[in-house]
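Here's the structure we're looking at; comments come further down.
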Amino acid sequence: MFKKYGFKTTKELEVKATKENYAVGAFNFNNLEQILGIIKAAAELNSPVILAASHGATKYAGTIFLVHLAIAAKKKFPNVEMALHLDHGLDFSKCKECIDLGFSSVMIDASKYPLEENIKKCKEVVEYAHKFGVSVEGELGRLYGVEDEVNVSEAESAMTDPKEAEIFIEKSGIDSLAISIGNSHGLYKTDNPFIDFERLKEIKDCVSTPLVLHGASGIPEDSIRKACKIGISKVNIDTECRLAFRREIDKFIHSNPFDDHKPITYDPRKILTPALESITEVIKMKIKWFGSGNKL
Ligand code: G3H
Ligand code: 13P
Ligand code: ZN
């Protein structure tokens, strides 16, 4: 289904990135402003890009709206290689819905289950997805947010085990692996979050499947560059774009307060354009860190 829309699979983008030692950014979108912010950055820097729609995004906007936003993005920017990817799909039925509607790649996130259960859930999605050439991302290890309040040994044991990763990939048949090496989702991170580069190297030595870094907002430039150099092929960013968006909306509202006695700006295009542009700026910076510019 997705091929007629001109999307690449994440596997195609990641395999090329692995060979050439850079990473492709996966940026989340839920609406027109976010997807425009993303695609404009990719087009300006001649970078491949992964348009990531979360399980939650499909509920918010409706999967069919997201697919058609992505089709429009491809039509408007035909030279940009892009994948349309389900981020953190929670069950087989959501993955199937996305595959049937034109996604080129899905993530089945069964990382909260024990290994065998995780394998079983991934395998079920792989068997369906591969019939249509759609690639599948699985996750092994758990990512915590700071709000989860875990102690050090819990955090350590939640990290991806390299040997387990090998077994997981072999038994599930997934095309890429999201790993836990100290990364976490969301806003609250320490200034310099600990990233276990040694563990990343060990995982890289054990598996040839492309590796994915979730929760990359707030991870500093040198750590991101190092992770990409060692062998991360896809990096997921959401929170930093959300924050930039929110900041611009705040600025707008503060400089244009509601006033019943004076004319005010109420055109949504005027309110949202700076927010859209701020996403483009964040993504251009990330693309430079990932090294994916001029790779089209
Ligand atoms: O890692 C998840 C992404 O930030 C998407 O978040 O589930 O709120 O859409 P969401
Ligand atoms: P951040 O929101 O921490 O950037 O994580 C994004 C992510 O992992 C999407 O899957
Ligand atoms: Zn994630």
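The values are calculated or read from the model by the stated rules, or taken from the named source; none is laboratory data. These numbers come from a predicted model, not from an experiment. Using ideal geometry, Cβ is built from the backbone for each residue, glycine included, and neighbour counts are taken over all protein chains shown.
Details
- Any hit, the range 1-14, residues being modelled with pLDDT under 95 and not in a helix (DSSP H, G or I): yes
- ALA57 vs. criteria part of a helix (DSSP H, G or I) and not basic (Lys, Arg): yes
Conditions (1) farther than 30 Å from SER223 by Cβ; (2) modelled with pLDDT of 95 or more, marked per residue:
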residue	(1), (2)
MET107	no, yes
VAL126	yes, yes
LEU140	no, yes
VAL152	no, no
GLY186	no, no
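- The range 112-139, residues that are within 16 Å of ligand 1 (Cβ to nearest atom) and over 16 Å from the mean Cα position of the chain (by Cα): LYS112
- Taking the range 81-109 as the range and being among the aliphatic types (A, V, I, L, M) and either in a helix (DSSP H, G or I) or buried (at least 22 other Cβ atoms within 10 Å of the Cβ) (or both) as the test, the residues that pass are MET82, ALA83, LEU84, LEU86, ILE99, LEU101, VAL106, MET107, ILE108.
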